[in-house]
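Please read the structure below before turning to the comments.
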Amino acid sequence: MKILVTGGAGYIGSHTCIELLENGHDIVVVDNFSNSKPEVIDKIKEISGKDFSFYELDLCDKDALEEVFKKEQIEAAIHFAGYKAVGESVKKPLMYYQNNLLSTLVLCELLAKYDCKKLVFSSSATVYGSPDHLPITEDFPLSTTNPYGTTKLMIEQILKDLHISDPTWDIVILRYFNPIGAHESGFIGESPNNIPNNLMPYIVKVANKELPELGIFGDDYETKDGTGVRDYIHVCDLAHGHLLALNKLNDHAIHYYNLGTGNGYSVLDLVETFKRVNNIDVPYTIKDRRPGDIAACYADPSKAQKELGFVAERTLDDMCKSAWNFILKNK
Ligand code: WQD
């Protein structure tokens, strides 16, 4: 199929583009480089050995996006584009609502206008808020504690209402847990432009001596070692989940899937694994808890396994090795 990939120069988008190209799909990438770099487009071509169309544009610009629909016979879309920093969203809620919601509305209007009502949406486990038990299944209650997470929840609601209004839509909503790691080539990976919000990119910068030490946000949670527990999943396994999701765009339904490993790892698990597999030090100190953090979160991935055939294969060692390999290859 010819797939429109919004945010295809981003961390998860770029890894998914490679997965799509290597499995025989054509892609059309749109990105405005607000949280990604232009050279990623060439890296995707280099890794996959395939060419594809790229358009630099803001998804909120309907006229610009419509030009793409006029030129390209889009058959389905995977929608990654959106701001995603929790802390920034608390400080700039209007920017998050405006960008994340409007871009989605523009995309859906054009998908319908050009009779291409097949959409995979990049959602997040953040829509589960603070679960009262674990592991998390797709029917858990939904709640959010920050504007970023609320945009994801709102978009899920928009897509649900859209499907009710027109059941000929094929929609798959993928709720990611914590994606980390990088493509085995080391050509692409996670490279935030400023001080990282998330754990793995912060660890990597400390290991690379770009930052003095890691602050571990709390060691007094009700977890095995007191530090926060999350379901880390290799970004390449996540990318494969999107390839499999395309197979569910054929029954005029709306589907929801957790994309996680089903394993919970603590902050200290990740730090010690990273140090061991890469034989490098990561100095850290224990800090106060980060407001809004939950103690533990990990998926029950059985629905994705049963209905998509999705199984995350890569280990925490693989995730830590590949994350560091990306830095070594791009020093
Ligand atoms: C993981 C653990 C922190 C940084 C968020 C979003 C989610 C998704 C992934 C976009 C927690 C601890 C972190 C640090 C630390 N984003 N930590 N020191 O918060 O689970 O999820 O990012 O899609 O939607 O909510 O990920 O990597 O920020 O934190 O101790 O410098 O690491 O307390 O326990 P999180 P994270």
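Residues GLY241, GLY262, GLY292: which one is at positive phi, in contact (Cβ under 8 Å) with a residue 24 or more places away in the chain and away from the ligand (no atom under 11 Å from the Cβ)? Working first, answer last.
Numbers: GLY241 fails: at positive phi; GLY292 fails: away from the ligand (no atom under 11 Å from the Cβ).
On inspection, the qualifying residue turns out to be GLY262.
Do you know which residues across the range 61-90 are in a loop (DSSP other than H, G, I, E, B), within 20 Å of the chain's Cα centre (by Cα) and hydrophobic (A, V, I, L, M, F, W, C)?
The initial filter retains those residues of the range 61-90 that are in a loop (DSSP other than H, G, I, E, B), namely 61, 72-75, 80-85.
From the residues that got through so far, the ones that are within 20 Å of the chain's Cα centre (by Cα) too are 80-85.
Selection gives PHE80, ALA81, ALA85.
What single numbered condition from (1) within 16 Å of the ligand (Cβ to nearest atom); (2) assigned to a strand (DSSP E or B) fails to hold for VAL172?
For VAL172, the exception is condition (1).
Take the conditions aromatic (Phe, Trp, Tyr), buried (at least 20 other Cβ atoms within 10 Å of the Cβ), touching a residue at least 40 places away in the same chain (Cβ under 8 Å) and in a helix (DSSP H, G or I) and apply them to PHE274. Does it pass? Don't jump to the end; show me each part of the working.
Working: aromatic (Phe, Trp, Tyr): yes; buried (at least 20 other Cβ atoms within 10 Å of the Cβ): yes; touching a residue at least 40 places away in the same chain (Cβ under 8 Å): yes; in a helix (DSSP H, G or I): yes.
The answer is yes for PHE274.
Where residues in the range 71-96 are away from the ligand (no atom under 16 Å from the Cβ) and under 25 Å from HIS242 (Cα atoms), which of them is surrounded by the most Cβ atoms within 10 Å (Cβ to Cβ)?
Among them, the one singled out is ALA77.
Anything in the range 214-223 that is near the ligand (Cβ under 10 Å from one of its atoms) and part of a loop (DSSP other than H, G, I, E, B)? List them, or say none.
Just the residues of the range 214-223 that are near the ligand (Cβ under 10 Å from one of its atoms), to begin with: 214-219, 221, 223.
Of everything in the range 214-223, those that are near the ligand (Cβ under 10 Å from one of its atoms) and part of a loop (DSSP other than H, G, I, E, B) turn out to be GLY218, ASP219, TYR221, THR223.
Does ASP293 satisfy the condition of being part of a loop (DSSP other than H, G, I, E, B), modelled with pLDDT under 95 and surrounded by fewer than 16 Cβ atoms within 10 Å (Cβ to Cβ)? Even if it seems obvious, please write down each step before you answer.
Details: part of a loop (DSSP other than H, G, I, E, B): yes; modelled with pLDDT under 95: yes; surrounded by fewer than 16 Cβ atoms within 10 Å (Cβ to Cβ): yes.
For ASP293, the condition - part of a loop (DSSP other than H, G, I, E, B), modelled with pLDDT under 95 and surrounded by fewer than 16 Cβ atoms within 10 Å (Cβ to Cβ) - is met.
Could you please find all residues in the range 303-319 being hydrophobic (A, V, I, L, M, F, W, C) and in contact with a strand residue (DSSP E or B) (Cβ under 8 Å, 6 or more places away or on another chain)?
So in the range 303-319, the residues hydrophobic (A, V, I, L, M, F, W, C) come out as 304, 308, 310-312, 316, 319.
Of everything in the range 303-319, those that are hydrophobic (A, V, I, L, M, F, W, C) and in contact with a strand residue (DSSP E or B) (Cβ under 8 Å, 6 or more places away or on another chain) turn out to be ALA304, LEU308, PHE310, ALA312, LEU316, MET319.
Out of (1) in contact (Cβ under 8 Å) with a residue 12 or more places away in the chain; (2) surrounded by fewer than 15 Cβ atoms within 10 Å (Cβ to Cβ), the odd one out for VAL267 is which?
(2)
All but one of (1) within 12 Å of the ligand (Cβ to nearest atom); (2) free of Cβ contacts under 8 Å to residues at least 60 places away in the same chain hold for TYR298, so report the exception by its number.
The failed condition is (2).
Identify all residues within the range 135-162 that are more than 26 Å from LEU94 (Cα to Cα), out of contact with any Asp or Glu (no Cβ under 7 Å at 6 or more places or on another chain) and not aromatic (Phe, Trp, Tyr); write none if there are none.
Taking the range 135-162 as the starting set, the residues that turn out to be more than 26 Å from LEU94 (Cα to Cα) are 135-140.
When the remaining residues are screened for being out of contact with any Asp or Glu (no Cβ under 7 Å at 6 or more places or on another chain), the result is 138-140.
Across the range 135-162, the qualifying residues are GLU138, ASP139.
Exactly one of these conditions fails for ILE195: (1) part of a loop (DSSP other than H, G, I, E, B); (2) more than 15 Å from the ligand (Cβ to nearest atom); (3) hydrophobic (A, V, I, L, M, F, W, C). Give me its number.
Condition (2) is where ILE195 drops out.
The values are calculated or read from the model by the stated rules, or taken from the named source; none is laboratory data. All figures in this text were calculated on a predicted structure; none of them were measured in a lab. Note: ideal-geometry Cβ built from the backbone for every residue, glycine included; neighbour counts use all protein chains shown.
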